[in-house]
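As C-alpha cells, the structure follows; a few thoughts come after it.
Read the figures in this text as sums done on the coordinates, not as results from a lab. Computed from a predicted structure; not experimentally measured. Here the Cβ is made from the backbone with ideal geometry for all residues, glycine too, and neighbour counts use every protein chain on show.
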Amino acid sequence: MALIDLSWPRHTRRLTLRPFEAEDVAALWAWQRLPEVTYWMPRLSDDIDKFTAHLLAVKDRTLVGLIDEQPVVSAKVDVQDAWAQEEATDQAAGTMAEIGWAVDPAWQGKGLGTELAAELLTICFQELHLHRVVAECFAENAPSAAIMERVGMRREAHHVADALHRDGTWRDSFIYAVLAHEWTASKTARPID
C-alpha cells in the first residue's frame, strides 16, 4: 500500500495531516524559504518555480500538517527497499522508510515536530506495515535529534564530517532508526503524548 492510498486526513492532538496538494505551495514557500529553515534542509528554497517543481515531483511521499487550515509542518515518508542478499530482494522491497520534517519557525519549540514524527511512525508501522524507519540530520541540529529521541528512535550512527553543507563546511551527521517491534513495545510501555 502506498502513502497516498491511506485514509486522509489524519488528526493528531493539534494537526490535521494530509498529502501535499498544489494549493499548499504558497503557504509552504512563505516559511520554507526562510534562512532558519533552509539552513538545515537538503534543498535550498530560493526560487518558487524550482520549489514548486520539486514538491510536485515528490508529492506522493510528501505530507503537510495544518493548524487552522494553514500548513505549519511538512514531512516526507520515503518508502524504500531494505538491503538484502540477491535471493531475498523481493521480500525486502518496500519494507523501510526514511522520514523527515520541517516546522514553520513561528511554531517551533511547541512540540509540533514531536507530534508529527510520532504520527509518521504510526503511519509507517500501523498503516504501511514497515519493518524499519530511519531519519537523519546534521549533528548540530539539536532540536531535530531531540525529536527523534523523544519518539523512541535510537542513534545508530554519528558520521564525522560526512556531509558538505552549502556554506562549504563539512559537517557531522546523525542517523536514527527504530524497528517495528521496538516501536510497538515502546508504545505499550509509554504512549507518546
Original post:
If you take the charge dipole of the stretch 3-188 about its Cα centre, with +1 on Lys and Arg Cβ and -1 on Asp and Glu Cβ, which of A157, A106, P35 is farthest toward its positive end?
Top reply: A106
Original post:
Would you list C137, C124 from fewest to most Cβ contacts within 10 Å?
Top reply: C137, C124
Original post:
Mean residue ellipticity at 222 nm from the helices of the chain, using -39,500 (n - 2.57) per DSSP H segment of n ≥ 4 over the full residue count, to the nearest 500 deg cm²/dmol?
Top reply: -8000 deg cm²/dmol
Original post:
Relative contact order for the chain: what is it in percent, counting Cα pairs under 8 Å that are at least 6 residues apart?
Top reply: 16 percent
Original post:
What does the highest-first list of 140-150, 29-39, 154-164 look like by mean Cβ count within 10 Å?
Top reply: 140-150, 29-39, 154-164
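Viscosity 0.890 mPa s, temperature 25 °C: give me the Stokes-Einstein translational D for the chain in µm²/s, with Rh taken as the Kirkwood radius over C-alpha pairs.
141 µm²/s
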Original post:
Taking neighbour Cβ counts within 10 Å as the exposure measure, how do D167, D172 sort from fewest upward?
Top reply: D167, D172
Original post:
the stretch 108-153 to the stretch 158-175: how many Å between their Cα centroids?
Top reply: 20 Å
**OP:** Could you size up the charge dipole of the chain around its Cα centre, putting +1 on the beta carbon of Lys and Arg and -1 on that of Asp and Glu, and report it in debye to the nearest 20?
**Re:** 560 debye
